[in-house]
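To start, the structure itself, in structure tokens.
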Amino acid sequence: MTQDSQSFTPERPLRVAVVGSGPSGIYSAESLIKQAEVPVEVDIFDRLPTPYGLVRYGVAPDHLTIKSVTKAFEKTLNDDRVRFLGNVEFGRDLSREQLLEHYDAVIYAVGASSDRRLGIPGEDLTGSLSATEFVAWYNGHPDAATRDLDLSGVTGVAVIGVGNVALDVSRILAKTADELHTSDIAGHALDVLRGSGVKDVYVMGRRGPVQAKFTTKELREFGELEAANVALRPEEMQVSEAEEAAITDNVVKKNLEVLRGFGELERRDVPRTVHFRFLVSPTEILGDEQGRVRAIRIEKNRLTESGGAEGTGEYEEIPVQLVLRSVGYRGVPLPGVPFDEKAGTIANEGGRVTGGQGEYTAGWIKRGPSGVIGTNRKCAADTVALLLEDVNSGTLAPRAGSREALDTHLAAHPVYTFEDWQVLDQHEQSSGSAAGRPRAKVVRLEEMLGHRRG
Ligand code: NAP
């Protein structure tokens, strides 16, 4: 322990605000309470009443085992030194200046809530949306729950991109309502998917199968779908001997094996087909007279020597009524916090906000949208290590704030606590269980806020 770390005491602990209660926010809090060097007090803010961010609103509803990470998150949120302050929006209910006044340090862990665009004609037609929006809709995010989606007239869907998010949305579209019943998909989405007319889902990669970003476990699930076959085109699956010999990544090797295995599966008499298309780029989304998507035009590509995609000038038109672009998430700037527009992240050096005043960042808003949930644990721990380094060097010193001053500031605001969330959580689980489902999500903000302790 250094002289400077002693400026924080059990009576006046290091006060840290974490903005965002997704995995990186909660892992940041976990790292802070697990270290023994400096006494701490952590307040985690979220604009929504519900904690867990991407685990509740991003992870696919049929991947319930991934969601069991919330058990560990609960442990952190139950710690006496940690508070959850839900329904408090940074920039609306609490400004950056106010946070800097009330806390010795702030960690921004707000994830990447927006999406990247394709930049092709027709992207704004009705029926063209981002996978981010579609995921938020079926996961019951309050911002997207009221979206009016009708899949009854949709027979073809193009999913652009070959990462895990593309697999998630394709799988949800390919599954039957019975398969989805055991997931925690939002009720409104299950109803719409029950009436879905989808027959063909085209998952499109601009490069070849070797360059696809998905992980093998997620890919394998396509061989186990009750009502969907998998289709591949042999010419798009061709990998040269030299390219195959150069593969060092085991995931890529296994993905190839799984994809080739799909090619050998017997075609069953089932209503749906998931088509994996490689070496194709969308060039235009075509609309009908009402401005609704009716088809997608794609150009066939070849791989360049450097592993990029190059158009061949050969085009194809595929009839689809829904296009989901799944080409990556993008961070959104926070009011007053330095932002790197090019990277779509908060401007930072290893987690210290550039030019910040005791400000740090962790997770996707620090390093971009990559990795699995566990990746954020190390990312958050790295950030917290820098924060503690700054405590030890005396860069971070106690400020005037206190929990009482902050609570006075928010006194008139309907803060949603962890105990309130536990009431809602219990309600969702018991109403789900009555219907034979793991959970029935409450999706409207006002209704969420009505479930409170007492
Ligand atoms: P991602 O893995 O980065 O994949 C993005 C895909 O979009 C790539 O195939 C990329 O192709 C393609 N793309 C980018 N720009 C394009 C363009 N202009 N035209 C056509 N294609 C384009 O991103 P993600 O799927 O959004 O996933 C984000 C992170 O979350 C990943 O780390 C992922 O593994 C993780 N995740 C994990 C799970 C899970 O573990 N079950 C589930 C969901 C998400 P290029 O390679 O050619 O750029």
| task | Calculate, in whole percent, how much of the Cα-Cα pair population of the stretch 265-330 lies beyond 17 Å. | result | 58 percent
| message | Suppose we take every Cα in the stretch 415-454 and form the convex hull; what volume per residue is that in Å³? | response | 61 Å³
| With charges set only on the Cβ (+1 for Lys and Arg, -1 for Asp and Glu), what does the dipole of the stretch 235-322 come to about its Cα centre, in debye to the nearest 20? | 420 debye
| Once you charge only the Cβ atoms, +1 for Lys and Arg and -1 for Asp and Glu, what is the size of the charge dipole of the chain about its Cα centre, to the nearest 20 debye? | 400 debye
| remark: Note, the stretch 126-142: 3J(HN,Hα) by Karplus (6.51, -1.76, 1.60, θ = phi - 60°), whole Hz, Gly/Pro = x, goes 5, x, 10, 9, 8, 4, 3, 5, 5, 5, 4, 5, 6, 8, x, 5, x
| task | Normalising by the residue count of the stretch 308-454, find the relative contact order in percent from Cα pairs under 8 Å and 6+ residues apart. | result | 12 percent
| request: Add +1 for every Lys or Arg and -1 for every Asp or Glu among the other residues with Cβ under 12 Å from the Cβ of I160, and state the total. | output: +3
| If we count every other residue with Cβ under 12 angstrom of L445's Cβ, Lys/Arg +1 and Asp/Glu -1, where does the sum land? | -2
| task | Run the dipole for the stretch 171-327 about the Cα centre, Lys and Arg Cβ at +1, Asp and Glu Cβ at -1, nothing else charged, and hand back the magnitude in debye, nearest 20. | result | 240 debye
| remark: Quick shape summary for the stretch 76-127, equivalent ellipsoid via Cα gyration tensor, semi-axes whole Å in descending order, reads 36, 15, 11
| task | Just check the stretch 168-210 against the gyration tensor rule for me: Cα atoms, a ≥ b ≥ c as the square roots of the eigenvalues, rounded for a/c under 1.5, and otherwise prolate or oblate depending on whether a/b exceeds b/c. | result | prolate
| request: Could you order D191, D184 by accessible surface area, starting with the largest, using a probe radius of 1.4 Å? | output: D191, D184
| query | Residues with beta-carbon under 12 Å from that of V239, excluding V239: net charge, scoring Lys, Arg +1 and Asp, Glu -1? | reply | -3
| task | Whole number in Å², please: accessible area per residue of the chain, 1.4 Å probe, ligands, DNA and RNA not counted. | result | 44 Å²
| said: Sort L193, L125 by heavy-atom solvent-accessible area, probe 1.4 angstrom, most to least. | reply: L125, L193
| request: At q = 0.18, 0.27 Å⁻¹, work out log10 I(q)/I(0) for the stretch 242-282 with the Debye formula, treating every Cα as an identical point scatterer and leaving solvent out; two decimals please. | output: -0.72, -1.05
| note | Sorted by chain and then number, the residues having a modelled amide H within less than 5 Å of the amide H of D115, at least 5 places away or on another chain, are R330
| note | Here, trypsin sites (Lys or Arg not before Pro) of the stretch 1-110 satisfying both criteria (DSSP loop; at most 11 other Cβ within 10 Å) are R92
| query | Going highest first, how would you order 269-277, 384-392 by mean Cβ packing within 10 Å? | reply | 384-392, 269-277
| query | In µm²/s, what is D for the stretch 220-364 at 4 °C and 1.567 mPa s, where D = kT/(6 pi eta Rh) by Stokes-Einstein and Rh is the Kirkwood radius from Cα pairs? | reply | 66 µm²/s
| request: Using only Cα atoms, tell me the angle between helix 418-434 and the longest principal axis of the chain; keep it within 0 to 90° and round to the nearest 10. | output: 30 degrees
| Alpha carbon centre of the stretch 1-73 versus the stretch 206-241: separation in Å? | 37 Å
| query | Using alpha carbons only, how many degrees (0 to 90, rounded to 10) separate the axis of helix 250-264 from the longest principal axis of the chain? | reply | 30 degrees
| task | Take the Cα atoms of the chain, find their three principal axes, and give me the spread along each one in whole Å, biggest first. | result | 68, 53, 39
| DSSP bridge pairs, the chain: antiparallel proportion in percent, nearest 5 | 35 percent
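The values are calculated or read from the model by the stated rules, or taken from the named source; none is laboratory data. Predicted model only: the values in this text are computed from it and were never measured. All Cβ positions, glycine included, derive from the backbone under ideal geometry; neighbour counts span all protein chains shown. Quick note on the areas: whole protein, heavy atoms, side chains included, nothing else; ligands and nucleic acids left out. Shrake-Rupley method; radii C 1.70, N 1.55, O 1.52, S 1.80 Å.
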